[in-house]
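What follows is a short report on a single structure.
Rule-based calculations on the coordinates, nothing more; no lab input. Because the structure is predicted, anything quoted here is derived from the model rather than measured. Heads up, the Cβs are rebuilt from the backbone with ideal geometry, glycines too, and the neighbour counts pull from every protein chain shown.
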Amino acid sequence: MNADLLKAFAPTGVLRASLNVGNPVLANLDKEGKPFGISIDLAHALAEKLGVRCELIVNETAGKSVATVEAGRADVGFFAIDPERGKDIAFTAAYVLIEGYYMVRSDSLVTKNTDVDVVGKQVVVGKGSAYDLFLSRHLKHATIIRAPSSQAVIPDFLSQHIEIAAGVKQQLEADTKGMTGLRMLAERFMVINQAMGVPKSKGLGAAVYLRHFVEEMKAKGFVKDSMTRHGIQGAGVGYAADPDKDPLDTTN
């Protein structure tokens, strides 16, 4: 760790980490409003490696978390890898893999993913979420309705009588626990690659350092242990990757 890298990661003397508590796989709030989860564990581990204090900046949605980093109010963040976000943010490879699924009412004629992208169908998503960005590029005929946050997807789905809800599988399950008359489609529509990110303005050195950090945390079992400790099910540790390769670079 040299002075330039330390200044890039902690220009204020502390590592400011932007969190999204709208995704329960990554971060949550306890009864006292204190954040906990995989993202928090990684943020503290990075700060310890840098030799600085960690400051957690809590956001309710992925979009707000991205905006916090892009505005320079945080030094690192935890997001799903996406080309749109990649314009200003350098990503690591994924540390956690999460699945995106569709949910419908039990009497819906939508039974498989190919039934969704049809003229007249409506899909509610969390505004600015990874699956919002993904479906905005891939749905050509169905109409996307954006709820204010991922937490608002199921309430809007139910109250507005929207036929299809899209989101992180674990959150859809948690938000409909105890409800009847609903079902998840059998196949995922996407794998959400959750990664750490740093503003590109901090330089290539910071981006590469962060990629190496995430690969180290995966390889030594830190991520898996964190998931086990927080009781995360239905998600997997990201695959090992070349830390010197940009995750958004599709060239060989």
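Annotations for the structure displayed:
- Tallying residues that are in contact with a Phe, Trp or Tyr (Cβ under 6 Å, 6 or more places away or on another chain) and either of a type in the set (D, E) or buried (at least 22 other Cβ atoms within 10 Å of the Cβ) (or both) within the stretch 67-84 yields 1.
- Count of the stretch 172-190 residues, restricted to those that are in a helix (DSSP H, G or I) and touching a Ser or Thr at 6+ places or on another chain (Cβ under 6 Å), is 0.
- Hits in the stretch 126-152 (condition: surrounded by 22 or more Cβ atoms within 10 Å (Cβ to Cβ) and more than 16 Å from the chain's Cα centre (by Cα)): A147
- When residues in the stretch 1-45 are screened for being over 19 Å from the mean Cα position of the chain (by Cα), within 17 Å of A74 (Cβ to Cβ) and among the polar types (S, T, N, Q), 1 of them pass.
- The residue pairs whose first member lies in the stretch 53-68 and is more than 9 Å from R16 (Cβ to Cβ) and in contact (Cβ under 8 Å) with a residue 60 or more places away in the chain, whose second member is among the basic types (K, R) and surrounded by fewer than 22 Cβ atoms within 10 Å (Cβ to Cβ), and whose beta carbons are closer than 8 Å, counting only pairs six or more residues apart or on different chains, are T61/K127; G63/K127.
- Enumeration of residues in the stretch 201-223 that are loosely packed, with under 15 Cβ neighbours inside 10 Å and either touching a residue at least 24 places away in the same chain (Cβ under 8 Å) or in a helix (DSSP H, G or I) (or both): S201, L204, G205, H212, E216, A219
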